[in-house]
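The values are calculated or read from the model by the stated rules, or taken from the named source; none is laboratory data. As the structure is a prediction and not an experimental result, all values here were calculated from the model. Cβ sites come from the backbone with ideal geometry, for glycine too, and all protein chains shown count toward neighbours. These area figures cover heavy atoms from the full protein model, side chains too; ligands, DNA and RNA do not enter into them. Shrake-Rupley method; radii C 1.70, N 1.55, O 1.52, S 1.80 Å.
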Amino acid sequence: MTYNWDFQSVWQYYDLFLWGLWISVVYTFGSVFFGIIIGFVTCAARLSQWRVLNGIARIYQEIFRCTPLLVQLLWFYYAFPLLVGGSIDNRVAALLTLSLYVGAFYAEIFRGGIVSIDKGQREAAAAIGMSPQQAMTRIILPQALKRMLPSFINQSVIQFKNTSLVSVISVADLAYMAAVVNGQTYRPLESYTVMAGLYILMLLPITQAADWIERRLRVSD
Amino acid sequence: MITTATPATEAPILEARGLRKSYGVLDVLKGLDLSLAPGEIVALIGPSGSGKSTFIRCLNRMEEPTGGVVKFRERQVADTFRDQGERIGIGTLRRHVGMVFQHFNLFPHKTVLQNVTEGPMIVCKRSRKEAEELALDLLGQVGLAEKQAAYPNHLSGGQKQRVAIARALAMEPDVLLLDEVTSALDPELVGEVLEVIRKLADKGMTMAIVTHEMAFAAEVSSRVLFLDGGVIAETGTPNDVILNPQNPRLQGFVARFKG
């Protein structure tokens, strides 16, 4: 089989690709930002002694961890508006869903990091008269953050790839734009290869950096 | 060595009355009394599971007792971190009652010096300069001044425990609680830690010591409590309890440790 590659005709739409890439980056950072806040609050709820709060946080986490992101996007865009009456902007639905989704995972990463710290650390801090808050911010968190970092970066890399799903509710991200270019040029091989290449280009430096950080953290442990 | 203080005549610094602790149906402590006079050194001995660690951990509220009272300088300990009127808060109590743990529990992300300055700076709000001066002095006393910039994972067990003692002393406590501080150490490192405690004893530090080192307990303590099954089964001078035990159960226990 001989195939005539023609990246030229696809790449003339480079502005669409770049705009799509930009949108993907925006949704990634946006959802990581809100996800950290949601994850932090959820983690605090999970660690609290208050059972009701704990239960609510758990239910939220399990719903979002045990349903596919695609299903969540469809539900928030098509089903949720019927439930509350009215409509929801697809961009709002996309950001909301992505944030809630990643927040559920972040919460578990944060919680795992904190509970992995030996209880002797909290006791030692308490024994010199530190309040629980001082022990958390000065003794537990600095150690826990270090342990969380690799999983946090990993989850964020997955999140960047996950943004490609927002194209199904017509958010013009990189995946959506690749489909547009394909529609214009009828060159799926080139369109989708360029798309894949751009994802790799974005994420390869991050995964490499994450590996490097992980190695360094292991040495200093 | 400290002269054997007579607890009756001097007001105790730290006192426990009818202390109880249970985990569900398991009664670990069944009403224990202790009174620590200034300069007194009490050794707590007993088989594992007898409740000695739980007991001293109740004294600075590492464990919450299920019954009884703890008093610091005649003030009952409150259930809150802060002082509650007459009652002394748990936070305040711990500033005055230091603790050293079996597993050291040094802060691994801080240097030796930072481990020791953490309490004075963060809890007592002393200046860095002041805290470092104090810390270096204490590190000198435990023989580790030259390790001030090292991180705990570069230290031996004995060195870690000496730093942990310096960290507790940096709060300038009135009482020090030592919870099996040599039990996690390699045998050849036990001596250097005991030496530090011996020096503290010579300086008149008030201490409650949970230990399996019978010879050491006999040497430094002014009073020995033998705990068995959650009660104080025997109490007396080191001579009565460790060197010439009368109670058969105590005889068996001490004999095993004398080796």
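Tabulated data
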read-out: Surface/4 of the Cα convex hull for the stretch A:121-221, nm²; value: 9.1
read-out: Relative contact order for chain A, counting Cα pairs under 8 Å that sit 6 or more residues apart, in percent; value: 30
read-out: Spacing of the two label points (7 Å from each Cα toward its C-beta) at A:Ser48 and B:Gln246, in nm; value: 5.8
read-out: Rule-of-thumb Rg ratio for the stretch A:7-220 [Cα; 2.2 N^0.38 Å; N residues]; value: 1.22
read-out: Local electrostatic count at B:Leu29 - Lys and Arg +1, Asp and Glu -1, tallied over other residues with Cβ under 13 Å; value: +1
read-out: Chain B, relative contact order [Cα under 8 Å, separation at least 6], %; value: 25
read-out: Relative counts (whole %) of C-alpha pair distances in the stretch B:123-250, using bins that are 5 Å wide; value: 2, 9, 18, 19, 18, 13, 9, 6, 4, 1, 0, 0
read-out: Additional length obtainable on full extension of the chain from B:Glu74 to B:Leu136, 0.36 nm per residue less Cα span; value: 19.0 nm
read-out: Distance (nanometres) between label positions extended 7 Å along Cα→Cβ at B:Thr237 and B:Arg198; value: 2.1
read-out: Net length gained if the chain between A:Leu82 and A:Ile213 were fully extended (0.36 nm per residue, minus Cα distance); value: 42.6 nm
read-out: Chain B - share of DSSP beta bridges that are antiparallel (%, nearest 5); value: 55
read-out: Chain-alone versus full-assembly comparison, the stretch B:103-150, residues with accessible loss of at least 40 Å² (1.4 Å probe); value: B:Asn105, B:Phe107, B:His109, B:Glu118, B:Ile122, B:Val123
read-out: Centroid-to-centroid separation of the stretch B:114-190 and the stretch A:55-130 [C-alpha atoms, Å]; value: 41
read-out: For A:Tyr60, solvent-accessible area (1.4 Å; no DNA, RNA or ligand), Å²; value: 40
read-out: Over chain B: helical MRE at 222 nm, DSSP H runs n ≥ 4 each giving -39500 (n - 2.57), nearest 500; value: -9500 deg cm²/dmol
read-out: Estimated FRET transfer efficiency (A:Trp5, A:Val71; beta-carbon r; R0 35 Å; 0.05); value: 0.45
read-out: Residue-averaged [θ]222 nm for chain A, counting only DSSP H segments that reach four residues, each worth -39500 (n - 2.57); value: -25500 deg cm²/dmol
read-out: Average beta-carbon neighbours from other chains, 10 Å sphere, peptide B:80-89; value: 1
read-out: Long-range Cα-Cα pairs in the stretch B:1-158 (distance over 28 Å), rounded percent; value: 35
read-out: Accessible surface of the stretch A:7-220 [probe 1.4 Å, protein heavy atoms]: carbon and sulfur percent; value: 68
read-out: Largest-first ordering by accessible area, 1.4 Å probe, given options B:Lys30, A:Lys119, B:Lys71; value: A:Lys119, B:Lys30, B:Lys71
read-out: Most mobile listed residue (B:Glu213, B:Glu130, B:Glu180) in chain B, GNM with C-alpha springs under 10 Å; value: B:Glu130
read-out: A:Thr193-B:Arg17 pseudo-label distance in nm [points 7 Å out on the Cα-to-Cβ vector]; value: 8.7
read-out: Base-10 log of normalised Debye intensity for the protein assembly as shown (one unit scatterer per alpha-carbon) at q = 0.07, 0.09, 0.10, 0.14 Å⁻¹; value: -0.54, -0.74, -0.84, -1.27
read-out: Under-5 Å amide H pairs with B:Gly89, H placed in peptide plane, nonlocal only; value: B:Ala78, B:Asp83, B:Gln84
read-out: The protein assembly as shown - share of DSSP beta bridges that are antiparallel (%, nearest 5); value: 55
read-out: Filter on B:Lys129/B:Lys203; B:Lys160/B:Lys199; A:Lys146/B:Lys110; B:Lys71/B:Lys125; B:Lys21/B:Lys71 - keep pairs with C-alpha separation over 20 Å; value: B:Lys129/B:Lys203; B:Lys71/B:Lys125
read-out: Distance between the stretch B:218-234 and the stretch B:42-100 - C-alpha centres, whole angstrom; value: 18
read-out: Rg to Rh quotient for the stretch B:86-176, alpha carbon positions, Kirkwood Rh; value: 0.97
read-out: Average other protein chain Cβ within 10 Å of Cβ, residues A:128-137; value: 6
read-out: J(HN,Hα) series, the stretch A:23-32, from Karplus relation 6.51 cos²θ - 1.76 cosθ + 1.60, nearest Hz, glycine and proline x; value: 4, 4, 5, 4, 5, 5, 5, x, 6, 5
read-out: Cβ-based net charge around B:Thr235, under 12 Å, with every Lys or Arg adding one and every Asp or Glu removing one; value: -3
